[in-house]
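One structure is given below, encoded as structure tokens.
What follows is calculated from the coordinates using simple rules that are stated; it is not laboratory data. As the structure is a computational prediction, the values presented were derived from the model and not from experiment. For neighbour counting, all protein chains shown are included, and Cβ atoms are generated from backbone atoms with ideal geometry for every residue, glycine included.
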Amino acid sequence: MTTSRWRIRCSLRRLRSGGETNLFGFGGTSLVEVDGYGEGVGAVYYLINEHENYRHAGIARVEVIDGVPTTTKRLGEHGWWWDCSTTAKYGDIATYRDVNSEYIYAWGHPPKTITEWPATEYIYQTRVKATEAFDLDKYEYWWGRAKGWRSEMLNEHNPETAVMWGAGQGQVVYSEWFKCYIYVHLNGPKVALRTAAKLEGPWSEDREVFEAEPIDGGFVYAGVAYPFLDETGKTLTIAYTNNNHIQVIRVTFE
């Protein structure tokens, strides 16, 4: 199981376990492996929104049943963990099972109460051991370089506690070729990469490697990297959606 955007089967009863109605939206952002829960078990991070109002961020347990990834439990008393009025939308930007440590990392935009640009574009970070992904009390939050990782939930959202700015939803991979982390995302129709020696950053500026031609003026979105197709890291295969068409490119590094 790899970080991806999978089609997740979810019963109506489970989807509405937090009291939502059909006026609510469910945005599954990232699926990652967890450790110690048996084969074929992962965690999906998601947002709950009502119209354009992002209400909560949460996590659910996913198990492969009859060959299909299926949500079997939403965590939290009300089906979510993070109240987006006061906490970052963790999982909104990306989630990553670090191949170099025992941690899962998740990134998200600031609380919905932050509405002024450029503050709306800062990105914040949480992490948890992959063996403890379903225990909210085990999560740590990045409080900036001065304070580091703390178990106290972040409540200071500013440039010092953020790890990135101005990135869209994407995916983190580790490059064996460059021996660093690469963040793959889309900047409009442009495929962009950022690099960092550590997941806490600092992250580089975007390096745009390809620009798609929008089909019939539609949207280009949902970039996904496939690092396992070349474990040397010399090439990186990236797919994205172009107006409901899946397109794939391969980036070759020198």
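Structure values in brief
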quantity: Exposure proxy order (Cβ contacts within 10 Å, fewest to most) of D83, D66, D135; calculated: D66, D135, D83
quantity: Spherically averaged projected area in nm², based on the convex hull that wraps the Cα atoms of the chain; calculated: 13.9 nm²
quantity: Efficiency of FRET between N100 and F219 - r from beta-carbon atoms, R0 30 angstrom, step 0.05; calculated: 0.35
quantity: Cross-link table K147/K198; K190/K234; K129/K190, entries beyond 23 Å C-alpha to C-alpha; calculated: K129/K190
quantity: Relative contact order of the chain, pairs being alpha-carbon contacts under 8 Å that are 6 or more residues apart, as %; calculated: 11 percent
quantity: Loop-located GluC sites (Glu not before Pro) in region 92-181 whose Cβ has at most 15 other Cβ within 10 Å (DSSP); calculated: E102, E116, E152, E156, E160, E176
quantity: Pairwise FRET efficiency - F228 versus H78, Cβ, R0 = 41 Å, nearest 0.05; calculated: 0.70
quantity: For a label point 7 Å along the Cα-to-beta-carbon line of W165, residues of region 101-127 with backbone N under 12 Å; calculated: 117-123
quantity: Gained length - I65 relative to Q247, 0.36 nm times residue gap less alpha-carbon distance; calculated: 62.6 nm
quantity: Packing-based exposure ordering (other Cβ within 10 Å, fewest first) of W143, W80; calculated: W143, W80
quantity: Helix-only mean residue ellipticity at 222 nm for the chain, each DSSP H run of n ≥ 4 adding -39500 (n - 2.57), per residue, nearest 500; calculated: 0 deg cm²/dmol
quantity: Per residue convex hull volume, Cα atoms of region 33-111, in Å³; calculated: 115 Å³
quantity: Contour excess over end-to-end distance, with Cα ends at N53 and A239 and 0.36 nm allotted per residue; calculated: 64.1 nm
quantity: Two-site FRET efficiency, W117 against A146, from Cβ-Cβ distance with R₀ of 22 Å, rounded to 0.05; calculated: 0.30
quantity: Label-point separation in nm, D206 to K138, each point 7 Å along Cα→Cβ; calculated: 3.6 nm
